[in-house]
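In what follows, a single structure is set out as structure tokens and then discussed.
No lab work stands behind these numbers, since they all come straight from the coordinates. A quick note: this is a predicted structure, and the numbers were derived from the prediction, not measured. FYI the Cβ positions are ideal-geometry reconstructions off the backbone, even for glycines, and counts take in every protein chain you see.
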Amino acid sequence: MQRCNPKQIEKPLHEINYYTDKGFPIEMYTVTQGNIEPSGRGYMDLHWHEELQFTVVTSGKLKLRVDGKLYTLDEGNGIFINRNLLHITTEISDGGRYLSFNFPDKVVSFFSGSTMEENFVLPYVGNYGIPVVELKRTTSWQKEVLDALLKMEILFKRRREKRQAVGREEYQIAIKIVEIWYMMICNIEKSGKKISNSYIRKQERIQAMLSYIHNQYMHPMCLADIAQAGNVSVGECCRGFKEVVCKSPNEYLAEYRILRSKELLRGTELSVTEVSGAVGFNSVSHFIQCFKKMTGATPKAYKNMKC
């Protein structure tokens, strides 16, 4: 098993997508309980990114949260997630699998300052008014979108198989995305509900506090520190976490530390004691207690499990 440096385990809240081909900034992620291909974020990993995202469930069922709201997607259905929104897949059924297509809005804008960008892209993606659009096969235009996403999977597979050859799949994928976007703007309200500046500030503060946890979890941290990162009171900090993350700041911190510890236990030669300190626990016994409560196994047993 390849071992990595603990520094490589760090994952900021803001995901930067590193596309397989920088000249083609569109990526398809295939996600199951145990794997994401190519490597990316999403399953049990709260994050946000600047790209637009379309997700379709190809088998099983999944649950995800976007901006604190829970969505359950059955096989064949999907969801559109707007840019800059906190989201996380919290559950994938046994044998479940889904595809996520991420791309920057410039793909459907054609070029900066275009009429398409001004009239048909920015009014939809430039605010929090349209956080998500659920896509269900029972609605005809949404079924067309879902079918187009599945056709994109075939095109991506062809493109990867012809890695060394000059193909036309890039054009076909880009055309499909434009077709999907056209169906979207023909069937959803342009500006959505009016979003207040206070709501936007609240989102920015939550992201700041979550980013603080993601960047500083290995150091001692109290509730007041987290609140200070968002320039809010402790009470407002707790309310914001409950509303958007659906758990308290301390609960989220503990779970995030355990998540990072699992990667260190499997991905490095560090001992249980060393991992405990590396993820911010000041007591090994407390680390073991929390780990077992959240995973059902001791850190030592988890480390020795076969992947």
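Things worth noting here:
- Taking the Kirkwood radius as Rh and the Cα radius of gyration as Rg, segment 202-304 has a ratio of Rg/Rh equal to 1.01.
- Computed from label points 7 Å out along Cα-Cβ, the spacing between Ile200 and Asn35 is 4.3 nm.
- Dipole size of the chain about its Cα centre, with +1 on Lys/Arg Cβ and -1 on Asp/Glu Cβ: approximately 620 debye, rounded to the nearest 20.
- Virtual spin-label span in nm between Lys292 and Ser211, 7 Å along Cα→Cβ: 3.9 nm
- If both residues of a DSSP beta bridge must be in the chain, then about 95% of such bridges are antiparallel.
- Rounded to the nearest 500, the 222 nm mean residue ellipticity of the chain from helices alone is -13000 deg cm²/dmol, with -39,500 (n - 2.57) taken per DSSP H run of at least 4 residues.
- Segments 128-138, 218-228 sorted - mean Cβ within 10 Å per residue, highest first: 128-138, 218-228
- Three-way shape label, segment 6-187, alpha-carbon gyration tensor, a/c 1.5: rounded
- Taking Tyr43, Tyr124 and counting other C-beta atoms within 10 Å, the order from fewest to most: Tyr43, Tyr124
- Fraction of antiparallel bridges per DSSP, segment 6-187 only, in percent to nearest 5: 95 percent
- Label positions at Lys22 and His219, each projected 7 Å from the Cα along the C-beta direction, are separated by 3.2 nm.
- Residues whose amide H falls under 5 Å from that of Leu135, counting only those 5 or more places apart or on a different chain, are Gly78, Ile79, Phe80, with hydrogens built in the peptide plane.
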